[in-house]
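See structure below.
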Amino acid sequence: MSSRCGAFRTCRRVLERAFSLYKAHSIKDMENTLQLVRNIIPPLSSTKHKGQDGRIGVVGGCQEYTGAPYFAAISALKVGADLSHVFCASAAAPVIKAYSPELIVHPVLDSPGAVHEVEKWLPRLHALVVGPGLGRDDALLDSVKGILEASKARDIPVVIDADGLWLVAQQPALIQGYRKAVLTPNHMEFSRLYDAVFRGPVDSDDRHGSVLRLSQALGNVTVVQKGEHDILSDGQQVLVCSQEGSSRRCGGQGDLLSGSLGVLVHWALLTGPEKTNGSSPLLVAAFGACSLTRQCNHQAFQKHGRSTTTSDMIAEVGTAFSKLFET
Ligand SMILES: NC(=O)C1=CN([C@@H]2O[C@H](COP(=O)(O)OP(=O)(O)OC[C@H]3O[C@@H](n4cnc5c(N)ncnc54)[C@H](OP(=O)(O)O)[C@@H]3O)[C@@H](O)[C@H]2O)[C@@H](O)CC1
Ligand SMILES: Nc1ncnc2c1ncn2[C@@H]1O[C@H](COP(=O)(O)OP(=O)(O)OP(=O)(O)O)[C@@H](O)[C@H]1O
Ligand SMILES: [Mg+2]
């Protein structure tokens with residue numbers, strides 16, 4: 001048998017597995033995957049010290065966008081991280097600090113030594129969320145490139161969202177093959193990434209195939225395409241999250257998702273694949289963050305209807321988490 005033939009068969013097996021999973025993704029499958037999420041959640045215990053359940057860093061926040069990094073960082077805390085840092089441009093720092101005394105805010109991203117300033121903290125961080133409210137200034141993006149390289153060198157998991165995905169679309173090699181990266185594109189961000197990698201437009205009739213292919217082309221980086229249903233793949237499996245949300249599409253929901261995912265990724269990697277039934281821990285973590293965000297949206301909408309905002313959703317994180325994962 002030629003190696004080309006073997007590769008074709010392997011590829012077909014992966015596709016068949018992925019497609020059968022997609023087709024079979026019923027309420028029962030959702031419940032089974034939620035059970036895997038429950039397995040990665042660390043017990044609350046009086047023997048643990050501060051920091052053990054997660055020290056998360058968010059890289060983002062500039063003059064224009066201060067809400068996005070705040071939403072991501074506060075969501076990480078509300079989900080259960082012990083400490084949440086924000087590394088932002090100096091103009092954003094006082095604003096973010098004023099939103100919350102709970103966040104540790106470093107006004108370093110636009111300083112000449114930005115990479116070094118963030119690198120100093122990396123040994124103390126369990127995961128980074130890169131991109132919410134980062135903006136697209138070339139100098140900031142250049143520093144973020146250095147921060148990503150430094151995180152990879154230390155094997156730190158990274159969730160890449162928003163303008164972090166803009167950077168990855170310019171330079172896919174930055175995360176190529178880094179298995180501890182999760183990308184969380186919205187509709188537009190996914191199209192941009194797909195176009196950058198395949199030099200052609202997405203087939204909008206084949207969302208799950210597109211997500212699977214993008215993950216494979218990037219060397220099995222986990223990809224979460226957000227939308228009416230969230231489609232998740234690690235290049236092997238495709239999962240669909242259809243947890244009931246609402247029709248309210250206020251800005252900032254994606255930031256809640258990426259911040260939550262920062263913590264869940266850390267917990268999932270600590271737990272390991274034995275507890276996720278062979279599925280990738282990162283894929284299970286991503287499914288958890290998608291379900292949680294949508295459940296927060298659902299609960300907030302029941303109370304606030306059309307006036308629902310992301311702050312209302314963040315207020316629901318505790319009860320949504322208990323309902324989904326602690327039943
Ligand atoms: N409070 C804050 O500080 C917040 C700050 N944020 C920060 O803003 C920065 C830019 O992020 P982003 O998401 O606006 O940029 P991007 O993905 O280029 O989208 C731009 C355009 O794409 C389109 N579009 C989007 N979805 C679509 C869909 N489903 N289907 C079809 N089209 C769709 C839509 O185009 P339009 O409809 O206007 O033509 C949209 O206007 C980033 O740093 C982020 O973190 C946010 O986090 C929010 C809270
Ligand atoms: N049409 C939809 N129906 C139901 N839920 C949706 C829909 N579109 C997005 N969502 C949910 O909203 C959340 C955020 O996805 P969205 O596509 O709005 O991200 P985003 O554009 O990055 O948000 P942000 O404004 O924070 O940047 C996800 O949990 C996703 O499942
Ligand atoms: Mg976004």
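The values are calculated or read from the model by the stated rules, or taken from the named source; none is laboratory data. Because the structure is predicted, anything quoted here is derived from the model rather than measured. Here Cβ is always computed from backbone atoms with ideal geometry, including for glycine, and neighbour counts include all displayed protein chains. Side chains are part of the model used for accessible areas, which takes the heavy atoms of the whole protein and leaves out ligands, DNA and RNA. Shrake-Rupley method; radii C 1.70, N 1.55, O 1.52, S 1.80 Å.
The listed residues are V221, V265, and the only one of them that is away from ligand 3 (no atom under 16 Å from the Cβ) and closer than 17 Å to A73 by Cβ turns out to be V265. Screening G133, G164, G146 for residues that are in contact (Cβ under 8 Å) with a residue 12 or more places away in the chain and either at positive phi or aromatic (F, W, Y) (or both) leaves exactly one candidate, G133. Residues that are open to solvent by 10 Å² or more (accessible area, probe 1.4 Å), touching a helix residue (DSSP H, G or I) at 6+ places or on another chain (Cβ under 9 Å) and among the small types (G, A, S) do occur in region 273-281. For region 244-262, the count of residues that are touching a Ser or Thr at 6+ places or on another chain (Cβ under 7 Å), within 19 Å of L34 (Cβ to Cβ) and more than 16 Å from ligand 1 (Cβ to nearest atom) is zero. Only one entry in S307, S322, S242, S258 is surrounded by fewer than 23 Cβ atoms within 10 Å (Cβ to Cβ) and within 16 Å of ligand 2 (Cβ to nearest atom), namely S242. Does region 168-185 contain at least one residue that is part of a loop (DSSP other than H, G, I, E, B), within 16 Å of ligand 3 (Cβ to nearest atom), in contact (Cβ under 8 Å) with a residue 24 or more places away in the chain and open to solvent by 10 Å² or more (accessible area, probe 1.4 Å)? No; the residues of region 168-185 include none that is part of a loop (DSSP other than H, G, I, E, B), within 16 Å of ligand 3 (Cβ to nearest atom), in contact (Cβ under 8 Å) with a residue 24 or more places away in the chain and open to solvent by 10 Å² or more (accessible area, probe 1.4 Å).
The single residue among I160, I175 that is β-branched (V, I, T) and either more than 15 Å from ligand 2 (Cβ to nearest atom) or more than 12 Å from V224 (Cβ to Cβ) (or both) turns out to be I175. Of everything in region 126-162 that is within 16 Å of ligand 3 (Cβ to nearest atom) and of a type in the set (D, E, K, R), the residue that is surrounded by the fewest Cβ atoms within 10 Å (Cβ to Cβ) is R136.
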